[in-house]
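Engineer: First the structure, then my questions, so here it is.
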4 protein chains.
Amino acid sequence: MSGNSFGALFRMTTWGESHGPALGVVIDGCPPGIPLSSEDIQKELDRRRPGVATVSSPRQERDRVEILSGVFEGKTTGTPISLLVRNEDVDSRAYEEWREIFRPGHADFTYQMKYGTRDHRGGGRASARETVGRVAAGAVAKKILARENLKITNHTLELGGIRAQRIEEEEIERNPFRCPDREAAAAMEKRVQEVKEQGDSVGGIIEIRVQGCPAGLGEPVFDKLEADLAKGLMSIGAVRGVEIGAGFNAARMTGAECNDPMSATGFEKNDAGGILGGISTGSDIVLRVAVKPIPSIRLEQNTVNHSFQQVSIQIKGRHDVSAIPRINAVCEAMVAVVLADHLLRQKATSSYILPR
Amino acid sequence: MSGNSFGALFRMTTWGESHGPALGVVIDGCPPGIPLSSEDIQKELDRRRPGVATVSSPRQERDRVEILSGVFEGKTTGTPISLLVRNEDVDSRAYEEWREIFRPGHADFTYQMKYGTRDHRGGGRASARETVGRVAAGAVAKKILARENLKITNHTLELGGIRAQRIEEEEIERNPFRCPDREAAAAMEKRVQEVKEQGDSVGGIIEIRVQGCPAGLGEPVFDKLEADLAKGLMSIGAVRGVEIGAGFNAARMTGAECNDPMSATGFEKNDAGGILGGISTGSDIVLRVAVKPIPSIRLEQNTVNHSFQQVSIQIKGRHDVSAIPRINAVCEAMVAVVLADHLLRQKATSSYILPR
Amino acid sequence: MSGNSFGALFRMTTWGESHGPALGVVIDGCPPGIPLSSEDIQKELDRRRPGVATVSSPRQERDRVEILSGVFEGKTTGTPISLLVRNEDVDSRAYEEWREIFRPGHADFTYQMKYGTRDHRGGGRASARETVGRVAAGAVAKKILARENLKITNHTLELGGIRAQRIEEEEIERNPFRCPDREAAAAMEKRVQEVKEQGDSVGGIIEIRVQGCPAGLGEPVFDKLEADLAKGLMSIGAVRGVEIGAGFNAARMTGAECNDPMSATGFEKNDAGGILGGISTGSDIVLRVAVKPIPSIRLEQNTVNHSFQQVSIQIKGRHDVSAIPRINAVCEAMVAVVLADHLLRQKATSSYILPR
Amino acid sequence: MSGNSFGALFRMTTWGESHGPALGVVIDGCPPGIPLSSEDIQKELDRRRPGVATVSSPRQERDRVEILSGVFEGKTTGTPISLLVRNEDVDSRAYEEWREIFRPGHADFTYQMKYGTRDHRGGGRASARETVGRVAAGAVAKKILARENLKITNHTLELGGIRAQRIEEEEIERNPFRCPDREAAAAMEKRVQEVKEQGDSVGGIIEIRVQGCPAGLGEPVFDKLEADLAKGLMSIGAVRGVEIGAGFNAARMTGAECNDPMSATGFEKNDAGGILGGISTGSDIVLRVAVKPIPSIRLEQNTVNHSFQQVSIQIKGRHDVSAIPRINAVCEAMVAVVLADHLLRQKATSSYILPR
């Protein structure tokens, strides 16, 4: 009810602050009998760690995960899985100057308004470090999806105004931005370097695809599959827009253009993005999310302090230039959790596709 | 859990099929002592009724609402409010031919895959008539919002590829499309007429604004205000994308451009769209949704029947050319329910007095 | 959240006041493909109707149920089932004198304290008429249970201080109290007649049994099967205590006496009442509930009005002498809903095949 | 949904197994600004630790709690509070012999049936050690209650068949059984010693009282205050029955005896146990729970192994003779969580007693 849990049957509850002793997640509803090791989770956590010097922050967290419950002799037991990651590279001194200042583009002002207090160190609960718990839970969700042959991929469609012109899958892992277009990747690198020198930051657009999703997942009316996906993705701090299939372009199509005809072999195209009436069609699920630029920049900005006096600030801490590509792993995790949840829900509520 | 309820503290549960005996909604969690009459609700229902010949369908439903519980001597009592609307203008014969055919762009195929059965008449539960319950609940939510001086407005930014070039509020009610630009409205009318003659349909983009929202609404981490709004809006059948504030444009801005500076008098601009870190800032909340074209078109389309044999179809029933402007009232209703819910949640979870 | 819904996957939401236009329930989460007619529901509603002159009230409600949604061509579709019962024999004049008086043993005082207002007519939402919705939902739950061969029975162990000394199943339907002991039933009849003449009322104890429940239902830790059953039963207005298996007697046993030994053919006795560690064992589930006497009595009582002035009252309306046997049907309904819910939950959360 | 969370607005999620690395709880929904230290929690944890040689087990856990999140500079922030207790005195060798045997009166059989696997060491998740998380959450709940002047007390009414004949509050802390009657306490001591020597165990009845509860807490219809209390208490492993106010005795009273008359100064007696129609009256809330004997006994018992072959066993590990008095602290914790939850719910849903 206070917003720190997500999912109905496969349910994660995250906790922890950027500069507190630790971060973690409790996963309730994971079925028994699934092989699970800390390596399975560590592998996903490593994907969201800073690594690429040009884009990412120099805060070095090893993010070692510890499984505290729910796994017995290498397999899940059906009881809650508690995962713990200690904060290690914590240096809160740099944040002392922000104790009573609302940094632009951050949640400082709104947390203060809502709670009348806040842990100002590193953004506290509003820090992107909170996503450690999401990615850990996503790793568990992916184990469930793998069992049913669902696979999630992501790539960066746009970064700092530069857009990929083609999708070549083998390129994605070859550049630090996860860009599927080699030339666009080169231009992105140049753009990021430039912005970094200016002390500014950039946003972009990423695309997520789900392959192998069976038809029948999703609950009408309010828990449509795209509605839960939109909520999950919009709950990531930097995300400002979500679209499915043709998305905002659908607004410019006619019905004849937008409808996906069917033939005996299935859908002839996929402008629906794999979901009709809130339920998966069996085609790939295709989503795009808009990511805003990192709000912490070195450039001078105007803002106010707790007394609402104007101050001019420069943020010199350890910060990424773009949330991309680290946020890609977080988006994947949220999609994984939504799909694992709806797989379990489908088992409970339908007697057709997945017979007991 | 099966997706027919929405909201945590202010919670609506809708029920009913397009061609069943009735549609309705149960609202649980409405505070006591709020004046409420069937006229309050009827007024909102009338806003989603077909009316404009060029855009809307000739199915004529009076949609008379009956309050069955939760109101005593003109005021809410704190107990559940049950609202009923009988289906009157039901003619299911036209749907007999679709009993075993999956209409493109509809939920026919996916409901059949999920449930192994479906009420094929008028789309059954997946029909836009389901939104009668949402709009009725939105009417009650608006009574709560009005008490706190929140106000929701909407206009059509784009229809059939034609975009409003200016926002003149007084224009909105002067044309059938709720377009805030007189010239664009004229072009929209021409476009809609043209498409109608072709037997096709169009989509568009609408913008929703919330004025008077206090700072402090929204729950981190997963129930961020924009996350709940995105879910609510994406749960409307025709919506394919949602963005907040600068939205997808934020992906092309730098941090210096995107951050909203503050001065002693408040935020100097509002690219955040009134929400930071998932919590309202006190500025206007600004959302845009992409609406796909109505899938029921007169033009010939290829699809399959229940035996997966290819068939060619033409849909000649009573159908709108665009979900806009009827869907605008539904979007408003969803936003109203989300805000009423978070107002109540804020009362429960915060001990700090909300500043206005 | 406001307490008018019950169940996680099989979820009912009841609404309606004693003297409002109607009462009803929305059931969300019923699987598709289950044959369901209004007769199925009517049959159960008839079991809670007043009928036995000596025990029950002369208010004559036919309680005709109308299925408004969720059923298509005689079978459930997986969408919400809305059930409506109009209040017909409503005469609110008798309640005018209680508009500003708190009747002892009723919820008048507490509703006024909680909400600052209340529908005083017939107890409004706190009336036992609210259980119409529960019994209707229980009828649907029983259709699910029947498919899995679960069966619920009930009998009256004690009424007005008279206790059944033996359990003879064939006696239960032969007397108006559902007493399984012919001699005790005769004594109960005498006792009820006596109390009725005095203008007083009596309570009793009823026992509910579930036969055919497979092992494996129930969720540790907080949603133990007996915990959800206790909540469901305690949520019935007149219930003041619930026990499972040996119940309060277990407090006086030693471990050697209380533990149920197992042999190759199963449990050798059933003091656990069919549940261990919150999960069903496969033995019969055995529950007992304490029912307080009807608070509306003709005898003079002291109480206060809204101004907290003392008044002396006599309640002369149409009232039962005991909630038994009508409440038995309500208890059965609650047990049915809890079991249907946990059957669906078990499908979702376990990958192990339930042995029978 | 999988039953490891409890509470709606003040919500705890417990995790951990008896012989796993740690146990803990995440509390979501605690309001900001409440002073909270690990000492506050430790104090309550110490109340459930084994201590009294005659009744309790020699497993010595220090149960040191660590606050991992949600507290900043000594006060809660409104974000989730994660509490961790490491298991230290773990010796799993003794449990190796039970790996494939279902101990009578334990959850061994039902967990195996439900999940097809289980952590057999010390009962795994079904161990009473799970209540560490409950008691820790209860400590936080009590801080909220204290702010509103609510106070919870408990005493042992009955142990091993010996019943307290009088309630002398000052006696409760003077004997190891929390018995309010000095002579009964002496008889209990004798009884416990005797049973211990026999290698058997005993149960009892405890009474919980809540003082200072305002009128107006509780939600009709299904979330009646006594319904949530019954669920919370019944979810404790050893509890087999719950009653409120006159409880099972109410079944033997007439309406005239059972109803609590009111005068200008309030209720004249309290057979309702402080709750009418599911909502608190302002009188003390009075509950009693039946506690079964500890199932782990040294006496020989018949049971079966995983192959359903009969075996005869003697359980020689470290076990309490009675769950009383350690379970008393757990009962108090559950009552505290229910009340804290309903205090927050009342703030959200009512406009009367607790104005914004």
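Engineer: Looking only at the stretch B:6-25, which residues are under 22 Å from residue B:123 (Cβ atoms) and either of a type in the set (A, V, I, L, M) or surrounded by fewer than 24 Cβ atoms within 10 Å (Cβ to Cβ) (or both)? Walk me through how you get there before you give the answer.
Structural biologist: As a first pass, look at the stretch B:6-25 and keep what is under 22 Å from residue B:123 (Cβ atoms): B:6, B:12-25.
Passing the criteria: B:12, B:18, B:19, B:21, B:22, B:23, B:25.
Engineer: Let me ask something additional. Taking the condition of being at the interface with chain A (Cβ under 9 Å from one of its Cβ atoms), open to solvent by less than 20 Å² (accessible area, probe 1.4 Å) and either at positive phi or touching a residue at least 40 places away in the same chain (Cβ under 8 Å) (or both), how many residues in the stretch D:70-93 meet it?
Structural biologist: 8
Engineer: If you don't mind, there's one more thing I want to ask. Among the listed residues C:256, C:250, identify the single one that is touching a Leu at 6+ places or on another chain (Cβ under 9 Å) and among the small types (Gly, Ala, Ser). Give the derivation first.
Structural biologist: On the way: C:250 fails: touching a Leu at 6+ places or on another chain (Cβ under 9 Å).
After ruling out the rest, the residue left standing is C:256.
Engineer: So, in the stretch B:94-105, of the ones that are in contact (Cβ under 8 Å) with a residue 60 or more places away in the chain and part of a loop (DSSP other than H, G, I, E, B), which residue ends up surrounded by the fewest Cβ atoms within 10 Å (Cβ to Cβ)?
Structural biologist: Per the criteria, the residue is B:100.
Engineer: A further question on this structure: Specify the residue that is farthest from residue A:119 (Cα to Cα); the eligible residues are those in the stretch D:77-108 that are hydroxyl-bearing (Ser, Thr, Tyr) and either more than 21 Å from the chain's Cα centre (by Cα) or at pLDDT below 95 (or both).
Structural biologist: As a first pass, look at the stretch D:77-108 and keep what is hydroxyl-bearing (Ser, Thr, Tyr): D:77, D:79, D:82, D:92, D:95.
Of the ones still in play, those that are also either more than 21 Å from the chain's Cα centre (by Cα) or at pLDDT below 95 (or both) are D:77, D:79, D:92, D:95.
On the way: D:77: 7, D:79: 10, D:92: 41, D:95: 44 Å.
Here the answer is D:95.
Engineer: Take the residues of the stretch A:189-225 that are in a loop (DSSP other than H, G, I, E, B) and open to solvent by 10 Å² or more (accessible area, probe 1.4 Å): which is farthest from the other protein chains (Cβ to nearest Cβ)? Steps first, answer last, please.
Structural biologist: Quick first cut of the stretch A:189-225, residues in a loop (DSSP other than H, G, I, E, B) only: A:199-201, A:203, A:212-224.
Cutting the leftovers down to open to solvent by 10 Å² or more (accessible area, probe 1.4 Å) gives us A:200, A:212, A:214-215, A:223-224.
Values: A:200: 4, A:212: 15, A:214: 8, A:215: 4, A:223: 3, A:224: 5 Å.
That would be A:212.
Engineer: Continuing with this model, one more query. Do we find that residue C:288 is within 30 Å of residue A:70 (Cα to Cα) and either touching a helix residue (DSSP H, G or I) at 6+ places or on another chain (Cβ under 9 Å) or of a type in the set (Gly, Ala, Ser) (or both) in this structure? Before you say what the answer is, go through the steps one by one.
Structural biologist: Values: within 30 Å of residue A:70 (Cα to Cα): no; either touching a helix residue (DSSP H, G or I) at 6+ places or on another chain (Cβ under 9 Å) or of a type in the set (Gly, Ala, Ser) (or both): yes.
It is false that residue C:288 is within 30 Å of residue A:70 (Cα to Cα) and either touching a helix residue (DSSP H, G or I) at 6+ places or on another chain (Cβ under 9 Å) or of a type in the set (Gly, Ala, Ser) (or both).
Engineer: Then there is this: On the basis of being open to solvent by 10 Å² or more (accessible area, probe 1.4 Å), part of a helix (DSSP H, G or I) and either of a type in the set (S, T, N, Q) or closer than 20 Å to residue D:18 by Cα (or both), does residue D:123 make the cut? Step through it out loud before you land on a result.
Structural biologist: Values: open to solvent by 10 Å² or more (accessible area, probe 1.4 Å): yes; part of a helix (DSSP H, G or I): yes; either of a type in the set (S, T, N, Q) or closer than 20 Å to residue D:18 by Cα (or both): yes.
Answer is yes for this residue.
Engineer: Restricting the search to the stretch D:1-43, which residues are assigned to a loop (DSSP other than H, G, I, E, B), in contact (Cβ under 8 Å) with a residue 12 or more places away in the chain and at the interface with another protein chain (Cβ under 7 Å from one of its Cβ atoms)? Break it down into steps so the answer makes sense when it comes.
Structural biologist: Within the stretch D:1-43, the subset assigned to a loop (DSSP other than H, G, I, E, B) is D:1-4, D:7-10, D:17-21, D:29-34, D:36-37.
Restricting the remaining residues to those that are in contact (Cβ under 8 Å) with a residue 12 or more places away in the chain gives D:7-10, D:17-21, D:29-34, D:36-37.
Answer for the stretch D:1-43, where residues must be assigned to a loop (DSSP other than H, G, I, E, B), in contact (Cβ under 8 Å) with a residue 12 or more places away in the chain and at the interface with another protein chain (Cβ under 7 Å from one of its Cβ atoms): D:8, D:9, D:17, D:20, D:21, D:29, D:31, D:32, D:33.
Engineer: To continue, here is another question. Return yes or no: is residue A:129 touching a residue at least 24 places away in the same chain (Cβ under 8 Å) and either within 14 Å of chain B (Cβ to nearest Cβ) or not hydroxyl-bearing (Ser, Thr, Tyr) (or both)? Reasoning before the result, please.
Structural biologist: Details: touching a residue at least 24 places away in the same chain (Cβ under 8 Å): yes; either within 14 Å of chain B (Cβ to nearest Cβ) or not hydroxyl-bearing (Ser, Thr, Tyr) (or both): yes.
Yes: the conditions hold for residue A:129.
Engineer: Somewhere in the stretch B:164-187, is a residue touching a residue at least 40 places away in the same chain (Cβ under 8 Å), among the small types (Gly, Ala, Ser) and either surrounded by fewer than 21 Cβ atoms within 10 Å (Cβ to Cβ) or touching a strand residue (DSSP E or B) at 6+ places or on another chain (Cβ under 7 Å) (or both)? Working first, answer last.
Structural biologist: Start the filter on the stretch B:164-187 by keeping residues that are touching a residue at least 40 places away in the same chain (Cβ under 8 Å), which leaves B:176-178.
From the residues that got through so far, the ones that are among the small types (Gly, Ala, Ser) too are none.
Looking for residues that are touching a residue at least 40 places away in the same chain (Cβ under 8 Å), among the small types (Gly, Ala, Ser) and either surrounded by fewer than 21 Cβ atoms within 10 Å (Cβ to Cβ) or touching a strand residue (DSSP E or B) at 6+ places or on another chain (Cβ under 7 Å) (or both), one finds none in the stretch B:164-187, hence no.
Engineer: Can you pull out the residues in the stretch A:266-313 that are touching a residue at least 60 places away in the same chain (Cβ under 8 Å), among the aliphatic types (A, V, I, L, M) and more than 7 Å from chain B (Cβ to nearest Cβ)?
Structural biologist: Within the stretch A:266-313, A:285, A:286, A:287, A:289, A:311, A:313 meet the criteria.
Engineer: Mind checking which residues of the stretch A:198-225 are among the aliphatic types (A, V, I, L, M) and either more than 19 Å from the chain's Cα centre (by Cα) or at positive phi (or both)? Explain how you work it out, then say what you get.
Structural biologist: Let us first name the residues in the stretch A:198-225 that are among the aliphatic types (A, V, I, L, M), namely A:202, A:205-206, A:208, A:210, A:215, A:217, A:221, A:225.
If the condition is that a residue be among the aliphatic types (A, V, I, L, M) and either more than 19 Å from the chain's Cα centre (by Cα) or at positive phi (or both), then A:215, A:217, A:221 are the ones that fit.
Engineer: Within the bounds of the stretch C:239-258, is there any residue that is among the hydroxyl-bearing types (Ser, Thr, Tyr), more than 7 Å from chain D (Cβ to nearest Cβ), more than 17 Å from the chain's Cα centre (by Cα) and open to solvent by less than 20 Å² (accessible area, probe 1.4 Å)?
Structural biologist: Within the stretch C:239-258, none of the residues are among the hydroxyl-bearing types (Ser, Thr, Tyr), more than 7 Å from chain D (Cβ to nearest Cβ), more than 17 Å from the chain's Cα centre (by Cα) and open to solvent by less than 20 Å² (accessible area, probe 1.4 Å).
Engineer: On to the next question. Return the total of residues in the stretch C:139-156 being part of a strand (DSSP E or B) and surrounded by 19 or more Cβ atoms within 10 Å (Cβ to Cβ).
Structural biologist: Let us first name the residues in the stretch C:139-156 that are part of a strand (DSSP E or B), namely C:151-156.
Of the ones still in play, those that are also surrounded by 19 or more Cβ atoms within 10 Å (Cβ to Cβ) are C:152, C:154-156.
Matching residues across the stretch C:139-156 total 4.
Engineer: Here's something else I'd like to know. So the check is Cβ under 7 Å with 6+ separation or different chains; which pairs have a first residue in the stretch D:194-222 that's of a type in the set (Val, Ile, Thr) and a second one that's part of a strand (DSSP E or B) and at pLDDT below 95?
Structural biologist: Qualifying pairs under 7 Å: none.
Engineer: Exactly one condition in (1) within 14 Å of chain B (Cβ to nearest Cβ); (2) in contact (Cβ under 8 Å) with a residue 60 or more places away in the chain; (3) surrounded by fewer than 22 Cβ atoms within 10 Å (Cβ to Cβ) is false for residue A:161; which is it?
Structural biologist: Result: residue A:161 passes all but (2).
Engineer: Another question, then. Please verify whether the stretch B:306-319 includes one or more residues that are at negative phi, at pLDDT 95 or above and buried (at least 23 other Cβ atoms within 10 Å of the Cβ).
Structural biologist: Looking through the stretch B:306-319, none of the residues is at negative phi, at pLDDT 95 or above and buried (at least 23 other Cβ atoms within 10 Å of the Cβ).
Engineer: Just the residues that are more than 7 Å from every other protein chain (Cβ to nearest Cβ) and open to solvent by 10 Å² or more (accessible area, probe 1.4 Å), please, taken from the stretch C:229-238.
Structural biologist: Of the stretch C:229-238, the ones more than 7 Å from every other protein chain (Cβ to nearest Cβ) are C:229, C:232-233, C:236, C:238.
The one that is more than 7 Å from every other protein chain (Cβ to nearest Cβ) and open to solvent by 10 Å² or more (accessible area, probe 1.4 Å): C:238.
Engineer: Go through (1) farther than 30 Å from residue C:162 by Cα; (2) in contact with an Asp or Glu (Cβ under 6 Å, 6 or more places away or on another chain); (3) crowded, with 18+ Cβ neighbours inside 10 Å; (4) facing chain C (nearest Cβ under 10 Å) for residue D:338 and report which single condition fails.
Structural biologist: Unmet condition: (4).
The values are calculated or read from the model by the stated rules, or taken from the named source; none is laboratory data. Owing to the predicted nature of the structure, the values given are computational and were not obtained by experimental measurement. Neighbour counts are summed over all protein chains in view; Cβ atoms, including those assigned to glycine, are modelled from backbone coordinates with ideal geometry. All accessible areas refer to the heavy atoms of the entire protein, side chains included, with ligands and DNA or RNA removed. Shrake-Rupley method; radii C 1.70, N 1.55, O 1.52, S 1.80 Å.
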